[in-house]
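Engineer: Structure below; questions to follow.
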Amino acid sequence: MKVIVEFCANNAHFGTDEVMKKLEQHPGCEVYEYGCLTGCGMCYMSPYALVNGETIEAETAEALYDAIVRIIGQMGSDHA
C-alpha cells in the first residue's frame, strides 16, 4: 500500500514544490497537490505536508523530505 502525501500549493515558497517533485519519483508514495489543505495559516509558518492524513512539519524543505522518506520506509517495513 502506497503512502499518500498531500501538499499545499501555498506552501511552495518554502521549497516544498521541489520536495513534491522528488517524491513523485518515489515508488512508495502517491503525491497530490491542492490549492489549500485547510491548515488555516500553517502554509505561511513552515514547510509541511499531510502524510496519510497526518500533518508532518519541518524547519526546512530538505528536513521535510527526509522525514517523509523515513515514514515511507517505516510504512513499507510495517507491511512487508
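What follows is calculated from the coordinates using simple rules that are stated; it is not laboratory data. Bear in mind the structure is a predicted one, so any value in this text is a computation, not a measurement. FYI the Cβ positions are ideal-geometry reconstructions off the backbone, even for glycines, and counts take in every protein chain you see.
Engineer: Being surrounded by fewer than 15 Cβ atoms within 10 Å (Cβ to Cβ), of a type outside the set (V, I, T) and without any contact (Cβ under 8 Å) to a residue 60 or more places away in the chain: is that true of G15 here?
Structural biologist: no
Engineer: Could you look through region 34-51, keep only residues that are surrounded by 11 or more Cβ atoms within 10 Å (Cβ to Cβ) and small (G, A, S), and pick out the one that is farthest from I68 (Cα to Cα)?
Structural biologist: Among them, the one singled out is G39.
Engineer: For region 18-33, which positions are within 12 Å of Y65 (Cα to Cα), in contact (Cβ under 8 Å) with a residue 40 or more places away in the chain and not charged (D, E, K, R)?
Structural biologist: V19, L23, H26
Engineer: Mind checking which residues of region 51-77 are over 14 Å from A12 (Cα atoms) and in contact (Cβ under 8 Å) with a residue 24 or more places away in the chain?
Structural biologist: V51, N52, G53, I68, V69, I71, I72, G73, M75, G76
Engineer: I would also like to ask the following. Could you list, in sequence order, all residues of region 21-80 that are closer than 13 Å to K2 by Cα, assigned to a helix (DSSP H, G or I) and of a type in the set (D, E)?
Structural biologist: E24, D78
Engineer: To continue, here is another question. When you go through (1) in contact (Cβ under 8 Å) with a residue 24 or more places away in the chain; (2) of a type in the set (S, T, N, Q); (3) surrounded by fewer than 14 Cβ atoms within 10 Å (Cβ to Cβ) one by one for N10, which number turns out not to apply?
Structural biologist: Looking at each condition in turn, N10 falls short on (3).
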